[in-house]
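Read through the structure below, which is laid out as structure tokens, and then see the notes.
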Amino acid sequence: MNQILQTENRREKGPVEIGKIIKFFVVAIIIFAIILIGLGIYYLVTNNNTTGGQDQVIDTAPDVNITKQEDKILIEVNSNIVISKIIYKWNDEGENIIEGENSTSLSKQVDLPFGTNILNLTVIDINGKETKFQKEYIVEGDGKPVIELKLTTDNKIKITVQDKTDLQYVNYSWNNDEPIKIEANADNKNLIEQVIEIPLGQNTLKVEAVNIGNVTSSKELEVKGIKSPTLSFKKQGDAIIIRAEDETGLKIIDYTLNGQKYQINYGNKTVIEYKQAIQKGENYMEITAENQDGGKTSKKVKIIN
């Protein structure tokens with residue numbers, strides 16, 4: 001009888017112990033969930049403060065500072081993002097490019113053209129974002145002819161001489177060679193312009209301008225003459241074959257076909273041939289090939305397919 005009663009008493013304790021166990025597991029699960037949530041929040045906060053804080057770059061406009069220095073300007077650009085290149089031009093003339101050289105700061109001294117001119121400058125960062133700058137400059141001269149020497153995109157020198165007084169002539173010479181004379185044009189004696197070839201190698205260009213009052217001004221320029229790549233094209237079915245050659249080695253070919261930009265970069269090869277598909281009808285291409293010395297050749301092509 002006693003044994004039966006003891007067995008029944010032990011069975012009565014079973015449900016109580018199971019309830020305690022369930023409560024224990026519920027509490028444990030809640031604590032575990034709280035720990036997981038806490039760890040998740042800690043990870044997000046620390047990850048944002050370390051990884052995100054270090055990698056994030058505030059995308060602000062670059063600081064462009066242009067200082068006038070007599071007959072020149074000094075262009076200085078500082079950015080918190082690496083600069084890809086700076087493009088500048090006077091009025092609606094051709095563009096000039098200052099390569100970024102993987103830097104966040106660039107400076108370049110540029111000649112001021114005679115008269116009233118507008119400088120258009122664009123800073124492009126490595127993400128392709130453009131920042132534009134424009135400013136007008138007036139150069140009236142000091143009674144002397146104003147000489148501007150500019151490197152063209154096809155690796156030549158453009159001599160520009162201007163004066164409020166009529167000009168007589170301009171003399172230019174390379175190194176110690178005999179000077180070459182350019183007479184003023186009867187239609188416009190206030191302006192003399194001439195594009196000249198640059199001899200290969202390192203050279204010194206000397207330019208002297210004289211007006212009708214025999215007032216003289218002169219300017220010198222150190223410049224390296226380099227060869228430019230050759231470009232040729234051949235239509236083949238529904239494609240055009242682009243061929244570029246250069247004995248110093250080709251660096252890159254950039255071109256735009258019907259508004260779409262393309263780039264060819266096969267490394268330091270002396271000959272590159274590339275087959276480009278074209279559309280039916282008229283196709284318009286603008287292309288520039290550059291060699292390892294920085295020599296460039298540019299062409300505009302119209303292809304009818």
query: For region 102-193, which fully contained strands (runs of 3 or more DSSP E) count at least 3 residues that are open to solvent by less than 30 Å² (accessible area, probe 1.4 Å) and more than 30 Å from E286 (Cα to Cα)?
result: 167-174
- prompt: Does region 127-144 contain any residue that is of a type in the set (A, V, I, L, M), at pLDDT below 95 and closer than 30 Å to E99 by Cβ?
  reply: yes
Residue check for P62: touching a strand residue (DSSP E or B) at 6+ places or on another chain (Cβ under 8 Å), modelled with pLDDT under 85 and surrounded by 11 or more Cβ atoms within 10 Å (Cβ to Cβ): no
query: Tell me, which strands (runs of 3 or more DSSP E) lie completely within region 239-305 with 1 or more residues that are more than 27 Å from I226 (Cβ to Cβ) and of a type in the set (S, T, Y)?
result: 282-291
- prompt: Can you find a residue in region 258-271 that is within 30 Å of L205 (Cα to Cα) and either open to solvent by less than 30 Å² (accessible area, probe 1.4 Å) or touching a residue at least 60 places away in the same chain (Cβ under 8 Å) (or both)?
  reply: no
query: Applying the selection to region 198-214, what residues are within 16 Å of N176 (Cα to Cα), in contact (Cβ under 8 Å) with a residue 24 or more places away in the chain and part of a strand (DSSP E or B)?
result: G201, N203, T204, L205, K206, V207, E208
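Table: residues versus (1) farther than 27 Å from L151 by Cα; (2) open to solvent by less than 90 Å² (accessible area, probe 1.4 Å).
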site	(1), (2)
S232	no, yes
D246	no, yes
L250	no, yes
Y255	no, yes
E273	yes, no
I287	no, yes
G294	no, yes
S298	no, yes
N305	yes, yes
message: If I filter region 241-263 for residues that are of a type in the set (K, R) and under 17 Å from the mean Cα position of the chain (by Cα), do I get at least one hit?
response: yes
task: Find all pairs meeting these conditions: Cβ atoms under 6 angstrom apart; at least six residues apart or on different chains; first residue within region 286-305 and in contact (Cβ under 8 Å) with a residue 12 or more places away in the chain; second residue hydrophobic (A, V, I, L, M, F, W, C) and open to solvent by 30 Å² or more (accessible area, probe 1.4 Å).
output: E290/I252; D293/I226; G295/I226; V301/F233
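The values are calculated or read from the model by the stated rules, or taken from the named source; none is laboratory data. Treat the numbers as computed from the prediction; the structure is a model and nothing was measured. Counting neighbours? That spans all protein chains shown, and the Cβs are built from the backbone with ideal geometry, glycine included. For accessibility, only protein heavy atoms count, side chains too; no ligands or nucleic acids. Shrake-Rupley method; radii C 1.70, N 1.55, O 1.52, S 1.80 Å.
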